[in-house]
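S.K.: I'd like to ask you about the structure that follows.
Computed from the coordinates by the stated procedures, all read-outs in this text should not be read as laboratory data. Because the structure is predicted, anything quoted here is derived from the model rather than measured. Note that each Cβ is placed from the backbone with ideal geometry, even for glycine, and that neighbours are counted across all protein chains shown.
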Amino acid sequence: MDGGRETRGVGIGAGEALAVAAGVHAGFQVTVTVIVYPALVARASQLTSEDWAERHDAHSRRITPVVMAVYASLVATSVWALLDDPGALTWVTVAALGSVAVITAVAAATHGRLGRDGAQPPLLHRLIAVDRARCAVAVVAAALAVVALAA
């Protein structure tokens, strides 16, 4: 993704930065899908409203700074990659990451409802389903970023 230009020095190019950011994001997302969300929703229907609110609020407080850092790196490296090499693979990679952002907005809205309305099973199921879709697209986006490096 460096537009055919040689990368000089010890720095990395825009394509490499995007691949690293997408890889970090995919790893983060797999961790959320496999470990974090299952722990969050485990036996949620058996909790009192107060216990659920405490669990959900603690989750939100802990994960928000990580989400912000990961997504900020995706935005920054996506812009850099598009400015450096606006080729088709770069656009497809950034589009996949953009769709992750849209899916994340659905997850955030679901979290909002879970915070207001409690651990209702339909909301918990929606959160898990949306999260799995987000994870799948995040992994595909990371793979696309790596493929774009080889092109």
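S.K.: Sort V30, V94 so that the residue with the fewest other Cβ atoms within 10 Å of its own Cβ comes first and the one with the most comes last.
M.R.: V30, V94
S.K.: Checking the a/c ratio against 1.5 first, then a/b against b/c, what shape does the Cα gyration tensor give for the chain?
M.R.: prolate
S.K.: Run the numbers for V67 and S99: contour at 0.36 nm per residue of separation, minus the present Cα-Cα distance, in nm.
M.R.: That works out to 9.9 nm of additional length.
S.K.: As a footprinting exposure proxy, order H125, H25, H56 by other Cβ within 10 Å, with the fewest listed first.
M.R.: Lowest to highest Cβ neighbour count: H125, H56, H25.
S.K.: Rounded to the nearest 0.05, what FRET efficiency do V30 and E50 give with R0 = 41 Å and r taken as the Cβ-Cβ distance? Could you check?
M.R.: 0.85
S.K.: Could you run the Karplus curve 6.51 cos²θ - 1.76 cosθ + 1.60 with θ = phi - 60° over the stretch 122-132 and give me ³J(HN,Hα) per residue in whole Hz, x for Gly and Pro?
M.R.: x, 5, 4, 5, 4, 4, 5, 5, 5, 5, 5
S.K.: Now for a separate question. Gaussian network model of the chain, Cα springs within a sub-10 Å range: biggest mean-square fluctuation belongs to which of T48, T110, T93?
M.R.: Checking each option, the largest mean-square fluctuation is seen for T48.
S.K.: Quick one: 3J(HN,Hα) in Hz for the stretch 60-70, Karplus 6.51/-1.76/1.60 with θ = phi - 60°, rounded, Gly and Pro as x.
M.R.: Working through the residues one at a time gives 4, 4, 6, 8, 4, x, 5, 4, 4, 5, 5 Hz.
S.K.: For W52, W80, which order do you get if you count the other beta carbons within 10 Å of each Cβ and list the fewest first?
M.R.: W80, W52
S.K.: Let me ask another. State, as an integer percentage, the relative contact order of the chain based on alpha-carbon contacts under 8 Å between residues 6 or more apart.
M.R.: Worked out over the chain, it gives 42 percent.
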